[in-house]
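The values are calculated or read from the model by the stated rules, or taken from the named source; none is laboratory data. Fair warning: this is a prediction, and the values are worked out from it, not measured in the lab. Here Cβ is always computed from backbone atoms with ideal geometry, including for glycine, and neighbour counts include all displayed protein chains. Accessible surface is based on the protein model in full, side chains and every heavy atom, while ligands, DNA and RNA are left aside. Shrake-Rupley method; radii C 1.70, N 1.55, O 1.52, S 1.80 Å.
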Amino acid sequence: MKSILKLTLVMSAYNKTDVHPSTFILVGIPGLEAAHLWISIPFCVVYLLALLANFSLLFIIKTDPSLHEPMYLFLCMLAVADLIVCTTAVPKLLSLFWFNDGEIRLEAFLTQVFLIHSCSTMESGFFLAMAFDRYVAICNPLRHSMILTNTVIREMGLAIVLRGTVLLSPHPFLLRWLPYCKTSVISHTYCEFMALIKIACAETRIRRAYSLIVAFLTGGVDFILIICSYVLILNTVFHLPSKDARLKTLGTCGSHVLVILVSYTPAFFSFLTHRFGHHVAPHVHIFVANIYLLVPPMVNPIIYGVRTKRIRDRFLKVFSFSKPLK
C-alpha cells in the first residue's frame with residue numbers, strides 16, 4: 001500500500017505543469033528503494049551516536065576550565081556545526097525511509113539547502129582555525145597564548161560564521177524563482193543546491209558558477225591553507241633535535257589530520273561527482289553524500305575523545321561510576 005501511495009505521488013509530480021511548484025518529492029537512493037528500511041537502521045544508529053558524542057564533548061569541554069583552550073573551543077564550534085548539519089537533514093531522511101514521506105515544501109527545502117551548505121562551510125572554516133592553532137602552538141609556542149587570546153578566538157569564530165552565512169545566503173534565492181516545468185521529483189535523500197538546480201528548465205550557468213566560486217573560496221581555499229600550515233609544521237618538526245620530541249609533536253596533530261581526512265574525502269567526492277562525475281552511478285553518489293552528512297559528525301568527537309588524553313580522562317571522570325581519576 002505504501003509503495004502504491006509513493007508511486008502515485010511520484011506520478012502526480014511528473015504530471016504537474018506548475019513551473020513554480022510549492023512542494024517537491026524526495027525519492028531517496030535511486031535503485032535501492034527496496035532496501036530503504038534496512039539502510040535506515042545504520043543511518044539512525046550513526047545519527048544517535050553523533051548526537052550523543054557531540055553533546056558529551058560539548059558538556060565535557062564546557063564543565064572543565066582546563067579545556068578552555070583554543071583547540072578545544074574551536075572543537076566546540078565544530079561540534080555545534082556538525083549537530084546542525086545532521087539534525088537538519090536526518091529526521092526528514094528517516095521519515096522518507098520509514099514512512100515513504102518524501103514530500104517536502106519548497107520553503108523547507110530551501111531552508112535545508114541553506115543550513116546544510118552554510119554550516120558545512122563553517123565546518124571547513126573551523127578546520128582551518130584548528131590548523132592555525134596547531135601551527136602557532138608548534139612553530140611559535142612562546143607566543144601562542146598572546147596570539148590566540150579569547151578575544152581573537154571569538155572574532156575568528158564570528159568571522160567563520162559570518163562568512164558561511166553571507167556567502168551561502170544567496171543560494172535559496174538563486175533557486176526560489178527558477179522554473180521547474182520538467183518534474184518536481186528529486187532523486188536524493190536530502191536537499192542540495194545541485195540536486196534542485198539539475199531539474200530546472202532554465203539557463204543556470206550563472207547560478208552554477210556562483211556555487212562553484214563559493215565552494216572554491218571556502219572549502220577549496222581552506223584546504224589549501226590547511227596543507228600550507230602542515231607543510232610549515234612538518235618543516236619545524238623535522239628540525240627538532242630528538243626523535244621523541246618529533247613523535248610527540250606530531251602526535252598532537254594526529255587527531256586533527258584524521259578528522260580532516262574523514263570530512264574532506266566524502267565532501268570532495270560528492271562535490272566533484274555532482275559537477276563532473278556524469279558516469280558515476282546515482283546510488284553511489286547519493287550514498288557517499290549521506291556518508292558525508294552522517295559519518296563526520298559521529299567520528300569527529302570520537303577521534304578527539306580517543307586520541308586526546310585530557311578529553312578521555314575527563315570523559316571517564318564524568319561518565320564512569322568508578323573512583324575519580326587523579
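Of (1) open to solvent by less than 60 Å² (accessible area, probe 1.4 Å); (2) closer than 18 Å to residue 307 by Cα, residue 248 satisfies all except one. Which?
Answer for residue 248: the failing condition is (1).
Under the condition of being among the hydrophobic types (A, V, I, L, M, F, W, C) and more than 25 Å from the chain's Cα centre (by Cα), which residue from the stretch 174-197 is modelled with the highest pLDDT?
178
Select, from 226, 213, the only residue that is open to solvent by 70 Å² or more (accessible area, probe 1.4 Å), under 30 Å from residue 256 (Cα atoms) and aliphatic (A, V, I, L, M).
Result of the check over 226, 213: 213.
Please identify the pairs in which a residue from the stretch 169-195 that is under 29 Å from residue 40 (Cα atoms) and β-branched (Val, Ile, Thr) has its Cβ atom under 8 Å from the Cβ atom of a residue that is in a loop (DSSP other than H, G, I, E, B) and open to solvent by less than 10 Å² (accessible area, probe 1.4 Å), counting only partners at least 6 apart or on another chain.
189/28; 189/29
All but one of (1) within 27 Å of residue 76 (Cα to Cα); (2) open to solvent by less than 50 Å² (accessible area, probe 1.4 Å) hold for residue 194, so report the exception by its number.
(1)
Out of curiosity, is residue 221 part of a helix (DSSP H, G or I), more than 19 Å from residue 133 (Cα to Cα) and open to solvent by less than 70 Å² (accessible area, probe 1.4 Å)?
no
Could you please let me know if residue 119 is closer than 20 Å to residue 195 by Cβ and open to solvent by 60 Å² or more (accessible area, probe 1.4 Å)?
So residue 119 fails the test.
Considering only residues that are over 15 Å from residue 118 (Cα atoms) and assigned to a helix (DSSP H, G or I), look in the stretch 197-210 and name the one that is least open to solvent (accessible area, probe 1.4 Å).
It comes out as 197.
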